[in-house]
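First up is the structure itself, then whatever we jot down about it.
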């Protein structure tokens with residue numbers, strides 16, 4: 001999963017997709033994950049990082065990340081890996 | 001390193017359409033406690049799902065309603081509608097407050113007697129009373145509301161063979177200017193059926209005609225309709241006085257007042273738009289006071305209000321079991337409370353709140369129950385925080401009809417607790433187990449599986 005490179009992201013979690021003209025707000029966790037995806041981090045790395053820094057089971061993060069990737073695809077904010 | 005609290009990742013799409021004319025706050029504060037008792041404690045102690053009743057709220061709702069009527073009309077009597085919620089604990093709170101009992105079956109009649117209600121203060125409505133039930137009610141001096149001619153003739157037959165005179169009223173249906181007009185209960189006013197029935201009663205000389213009753217419908221959003229109903233009953237009373245010199249003891253305008261719940265399809269919340277008890281009281285009292293009755297001869301006004309007195313006192317605590325993302329992108333959350341328990345979710349958009357603090361991020365969610373049935377949807381769309389499995393939700397305004405119409409289906413029915421006025425929690429109905437189901441089943445010998 002890679003973030004659409006044209007996506008504009010502000011530091012306070014505001015997202016703008018110039019391809020569709022749509023805007024979004026990201027909660028802090030979504031913002032962190034998008035940041036890591038932009039840096040090229042894999043899903044596994046993100047799960048590991050989140051479960052190391054937050055009070056949450058790894059399995060919960062995996063399920064939530066799966067759901068979040070679905071949201072990114074739904075809103076055309078991501079491009080699939082080659 | 002200390003770990004930070006977790007919230008699942010979420011994006012909110014910003015809508016740039018025109019602001020709504022009726023823009024409303026969508027988020028609700030969490031319900032962490034009910035009458036001072038922690039929701040989490042209740043769920044852990046008594047299980048989830050769980051129905052919770054507030055004795056404080058029952059009493060305050062009753063007193064507010066009584067006050068709304070007694071400040072406008074001199075003689076008022078409430079009769080608790082058993083079918084709305086016939087848990088003994090609920091009935092007896094109302095009876096302690098002074099309500100009579102209004103029942104619609106032999107089963108409910110027996111419940112009222114067992115609850116300690118004076119049989120003379122039981123109003124027996126309903127379209128399907130048996131001979132035995134009518135004989136018992138006659139013997140006990142209960143108020144029998146006659147629904148049809150077959151019942152009237154049966155009562156005259158019972159009276160002929162009894163030393164007791166049945167104390168009766170007739171049920172009258174009528175056009176009050178609302179749709180749909182209910183005409184299945186009682187005798188019609190406009191076509192003369194009601195007047196015919198009254199004549200039969202008076203000419204028979206076997207029954208004591210005590211009053212007139214109507215039940216114009218349910219969840220009536222027009223208070224004025226009750227004014228029309230009261231005026232038409234008052235006119236029948238005038239005709240009785242004029243022709244037979246008979247004075248009626250009471251006029252019973254039934255139930256059907258809307259509560260604060262929001263009907264499905266409504267744009268604005270019921271709490272903002274539905275008539276208050278005072279509006280109903282004003283319409284009914286004005287109609288009676290402005291009718292022909294002399295000031296000292298006003299009949300007792302009986303009200304069989306159910307829903308509007310109990311709905312607010314009921315809560316359902318439920319637990320999040322799972323989540324999924326629907327094809328449309330909408331979040332779906334599965335909870336442990338289904339439509340078999342929350343029957344009123346077919347009619348209402350019940351308010352739903354969370355039982356713990358969350359951040360400001362929220363998501364439109366569909367709430368599904370645990371039944372393996374497509375119809376098991378508690379809310380098609382409700383704006384909720386970012387829930388995780390195990391979080392508790394509180395569903396509000398559930399006190400009416402759910403604890404009578406609920407059914408054991410796929411899962412067992414849960415416990416019901418009542419929080420008393422001092423904050424003590426009482427189990428008022430035990431959680432059901434498999435024995436409740438199989439103990440009444442019989443398996444024919446040839447169907448036993450051996451080995």
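Condition check ((1) outside the structural domain of residue B:38 (by TED's automatic domain parsing); (2) within 30 Å of residue B:81 (Cα to Cα)) across all residues:
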residue: B:373; (1), (2): no, no
residue: B:377; (1), (2): no, yes
residue: B:384; (1), (2): no, no
residue: B:389; (1), (2): no, no
residue: B:398; (1), (2): no, yes
residue: B:405; (1), (2): no, yes
residue: B:414; (1), (2): no, yes
residue: B:419; (1), (2): no, yes
residue: B:442; (1), (2): yes, no
Which listed residue is surrounded by 14 or more Cβ atoms within 10 Å (Cβ to Cβ), farther than 20 Å from residue A:7 by Cβ, in contact with a helix residue (DSSP H, G or I) (Cβ under 9 Å, 6 or more places away or on another chain) and more than 11 Å from chain B (Cβ to nearest Cβ), from A:56, A:47, A:61: A:47
Selection within the stretch B:296-332 - within 14 Å of chain A (Cβ to nearest Cβ) and in contact (Cβ under 8 Å) with a residue 24 or more places away in the chain: B:320, B:321, B:322, B:323, B:326, B:330, B:331, B:332
Residue check for residue A:37: at the interface with chain B (Cβ under 10 Å from one of its Cβ atoms) and surrounded by 15 or more Cβ atoms within 10 Å (Cβ to Cβ): no
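To keep it simple, each residue is scored yes or no on (1) over 26 Å from residue B:54 (Cα atoms); (2) outside the structural domain of residue B:386 (by TED's automatic domain parsing); (3) crowded, with 20+ Cβ neighbours inside 10 Å.
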position: B:326; (1), (2), (3): yes, no, no
position: B:330; (1), (2), (3): yes, no, no
position: B:335; (1), (2), (3): no, no, yes
position: B:339; (1), (2), (3): no, no, yes
position: B:345; (1), (2), (3): no, no, yes
position: B:351; (1), (2), (3): no, no, yes
position: B:357; (1), (2), (3): no, no, no
position: B:364; (1), (2), (3): yes, no, no
position: B:367; (1), (2), (3): no, no, yes
Condition broken by residue A:9, with the remaining ones in (1) under 13 Å from residue B:11 (Cα atoms); (2) surrounded by fewer than 18 Cβ atoms within 10 Å (Cβ to Cβ); (3) facing another protein chain (nearest Cβ under 8 Å) satisfied: (3)
Every residue from the stretch B:28-42 that is in contact with a helix residue (DSSP H, G or I) (Cβ under 8 Å, 6 or more places away or on another chain) and within 15 Å of residue B:360 (Cα to Cα): none
Failed item, numbered, when residue B:161 is tested on (1) in contact with a helix residue (DSSP H, G or I) (Cβ under 7 Å, 6 or more places away or on another chain); (2) free of Cβ contacts under 8 Å to residues at least 12 places away in the same chain: (1)
Test set (1) in contact with a helix residue (DSSP H, G or I) (Cβ under 6 Å, 6 or more places away or on another chain); (2) free of Cβ contacts under 8 Å to residues at least 12 places away in the same chain - residue B:231 fails condition number: (2)
Residue in the stretch B:385-396 that is away from every other protein chain (no Cβ under 14 Å), touching a strand residue (DSSP E or B) at 6+ places or on another chain (Cβ under 9 Å) and over 30 Å from residue A:61 (Cβ atoms) present: yes
Hits in the stretch B:411-420 - residues which are assigned to a loop (DSSP other than H, G, I, E, B) and under 22 Å from the mean Cα position of the chain (by Cα): B:413, B:414, B:415, B:420
Count of the stretch B:359-396 residues which are closer than 21 Å to residue B:43 by Cα and in a loop (DSSP other than H, G, I, E, B): 9
Criterion violated by residue B:47 - all others in (1) in contact with a strand residue (DSSP E or B) (Cβ under 6 Å, 6 or more places away or on another chain); (2) at positive phi satisfied: (1)
Criterion violated by residue B:255 - all others in (1) under 30 Å from residue B:161 (Cβ atoms); (2) assigned to a loop (DSSP other than H, G, I, E, B) satisfied: (1)
Subset tally (residues that are in a helix (DSSP H, G or I) and touching a helix residue (DSSP H, G or I) at 6+ places or on another chain (Cβ under 7 Å)) for the stretch B:240-252: 2
From B:296, B:211, B:270, residue being buried (at least 19 other Cβ atoms within 10 Å of the Cβ) and modelled with pLDDT under 95: B:270
Selected residue (only one of B:356, B:435 is without any contact (Cβ under 8 Å) to a residue 24 or more places away in the chain and either in a loop (DSSP other than H, G, I, E, B) or more than 25 Å from residue B:219 (Cβ to Cβ) (or both)): B:435
Residue in the stretch A:64-82 that is surrounded by the fewest Cβ atoms within 10 Å (Cβ to Cβ), counting only those that are facing chain B (nearest Cβ under 8 Å) and within 18 Å of residue B:6 (Cα to Cα): A:67
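A quick yes/no check of all residues on (1) within 27 Å of the chain's Cα centre (by Cα); (2) surrounded by fewer than 20 Cβ atoms within 10 Å (Cβ to Cβ); (3) in a loop (DSSP other than H, G, I, E, B):
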residue: B:129; (1), (2), (3): yes, no, yes
residue: B:132; (1), (2), (3): no, yes, no
residue: B:144; (1), (2), (3): yes, no, no
residue: B:153; (1), (2), (3): no, yes, no
residue: B:156; (1), (2), (3): no, yes, no
residue: B:159; (1), (2), (3): no, no, no
residue: B:165; (1), (2), (3): no, yes, yes
residue: B:168; (1), (2), (3): yes, no, no
residue: B:172; (1), (2), (3): yes, no, no
Count of the stretch A:18-33 residues which are surrounded by fewer than 17 Cβ atoms within 10 Å (Cβ to Cβ) and within 14 Å of the chain's Cα centre (by Cα): 1
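The values are calculated or read from the model by the stated rules, or taken from the named source; none is laboratory data. As the structure is a computational prediction, the values presented were derived from the model and not from experiment. In this analysis, Cβ positions are derived from the backbone assuming ideal geometry, glycine residues included, and neighbour counts consider all displayed protein chains.
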